[in-house]
Amino acid sequence: MSMAQQADPTVGRPPAPGPGQRDGRTARRPLVLRLLARPEVGVFLGALAVLIFFLIAAPSVRQGSSMATVLYQSSTIGIMALPVALLMIGGEFDLSAGVAVITSALTASMLSYQLTLNVWTGVIVALAVSLAIGFLNGWMVVRTGLPSFLITLGTFLILQGVNLAVTKWVTGNVATDDISDMDGFDQAKKIFASSFDVGGVQVQITVVWWLVFAALATWVLLRTRYGNWIFAVGGDKESARAVGVPVRFTKISLFMLVGFGAWFIGMHNLFSFNTVQSGEGVGQELIYIAAAVIGGCLLTGGYGSAIGPVFGAFMFGMVNQGIVYAGWNPDWFKAFLGVMLLGAVLINLWVQRTATRR
C-alpha cells in the first residue's frame, strides 16, 4: 500500500451521496412525520371524530343553541385546563385545582356578603388568596423537593376541609348567601358570566375568554423566553439550571397561573349562580389533568402545547352534552372519559414513536 493510499482521508468513510440524494443526517423528514410530531394533531383528529359521531348519533347537536351549550361546557373546563397543561409541561401536577376554584368563589362571596362590601372587594381578595395558594404550592415543591403530587394532595385535603368548615361556621349552612343584589354584582357578572347574541344564539362570555387565554398561552410557549423556560424545566430541571434558567421562579409562577385560573372559574361560578356550594369541586382536578393529557401533554413533562388542551376540553364538552342530547344514560360519561384518556395516552405514545422513527 502506498503512502498516498495510507494518507487518503476518505478511507473507511461512507460513500458521499450521489446526485439527487441527501445525507440521511440532514435529510428533511416527510411532512406526515413532522405533523405527527406536533402534540395537538392527535387530539384534533380525535375531537373531529367525536364531533362527527355525535352529529350523527344526536341530531339535536346540529342546532346552534346545542353547540353553544357544548362550547360553554368546554370553556369552563378549558380555561382551567390551560394553566394545568402549562404546569404539566413544566413537569408538575396540581391536584388542588378543583377545590381551589370553590375556595376562590367562597372567599369572594362570604367576604362581600358578611362585611357588606362592594362585590369587587371580594373579587380582588379572592384573587390574592388564589395566587397565594398557588405560590405556597410552588414554594413547597421547590423548597422541599417532594413530588408535587404529594404537596398538592395535601393542599387538596386542607382546602376541602376548610371550604366546608368555614362556610358552615360563617353562614350556618353548606352554601353561601345570595349576593345578586349587592353593589358591583352586575358589573362583575358582565365580565365573568354574561352572554351575547350571535345569530339568535346566546353564547357565554367564557367561550371568548377561553379562546383569548388559549391564544395568549400559545404565544407565551412559542414566542417568549418564559415559554422556553417552561419546556426546559419540564425536560430536565438540573440541565436547565446549569444553563441559567430560573427554575424556582418558573415552577412557582406556573403554580400561581393555576391559581389565577382557579380564581377566574370561581368568579364565573359565583356570578352565574349567585351562591356557592362549599362541597363542590372535588374530582374536577382530574378532569383538568385529563383534558391536558388528552391534549398531548406528557405526564413526565417537557412536551405539549396550549392548543392541544383546547381540543381536549372540547372533547369533554362534546361527550358530556352529546350523551344528554342522544338520550343516553349520563352515567356513561365516566366510561367515555376513561376510554378517551386511555386512548389519548396510547395515541400520544404511538405519535412519539412514529415521529422519531427514521
Q. Share of the chain's accessible area from carbon and sulfur, percent, 1.4 Å?
A. 65
Q) Relative contact order for the chain: what is it in percent, counting Cα pairs under 8 Å that are at least 6 residues apart? A) 34
Q) Taking the chain as a Gaussian network, where each spring joins two C-alpha atoms under 10 Å apart, which residue of Thr250, Thr171, Thr155 fluctuates the most? A) Thr171
Q: Could you quote the convex hull projected area for the range 81-225, Cα atoms only and averaged over all directions, in nm²?
A: 11.1
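Compute, for the chain, the length of the dipole vector about the Cα centre, with Cβ point charges of +1 (Lys, Arg) and -1 (Asp, Glu) only. Units Debye, rounded to 20. Mind showing how you got there, number by number?
Working: 22 positive and 16 negative charges, 341 e Å.
It comes to approximately 1640 debye.
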Q. So which lysines can Lys168 reach, going by Cα to Cα under 30 Å and dropping same-chain residues fewer than 8 places off?
A. Lys189, Lys190
Q. So what's the gap between the Cα centers of the range 133-194 and the range 197-267, to the nearest angstrom?
A. 20
**Q.** 0 to 90° range, to nearest 10: angle between helix 247-273 axis and the chain longest Cα axis
**A.** 40
**Q.** Accessible surface, the chain, averaged per residue in Å² (probe 1.4 Å)
**A.** 51
Q: Could you work out the local net charge near Ala292, counting Lys and Arg as +1, Asp and Glu as -1, over the other residues with Cβ closer than 15 Å to its Cβ?
A: -4
**Q.** For the chain, calculated [θ]222 nm from helices alone, where every DSSP H run of n ≥ 4 adds -39500 (n - 2.57)
**A.** -23000 deg cm²/dmol
**Q.** Alpha carbon centroid spacing (whole Å) that separates the range 53-101 from the range 319-341
**A.** 14
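The values are calculated or read from the model by the stated rules, or taken from the named source; none is laboratory data. Since we're looking at a predicted model, the values are computed, not measured. Using ideal geometry, Cβ is built from the backbone for each residue, glycine included, and neighbour counts are taken over all protein chains shown. Ligands, DNA and RNA are stripped out before the accessible areas are found, and what is left, the full protein with its side chains, is counted by its heavy atoms. Shrake-Rupley method; radii C 1.70, N 1.55, O 1.52, S 1.80 Å.
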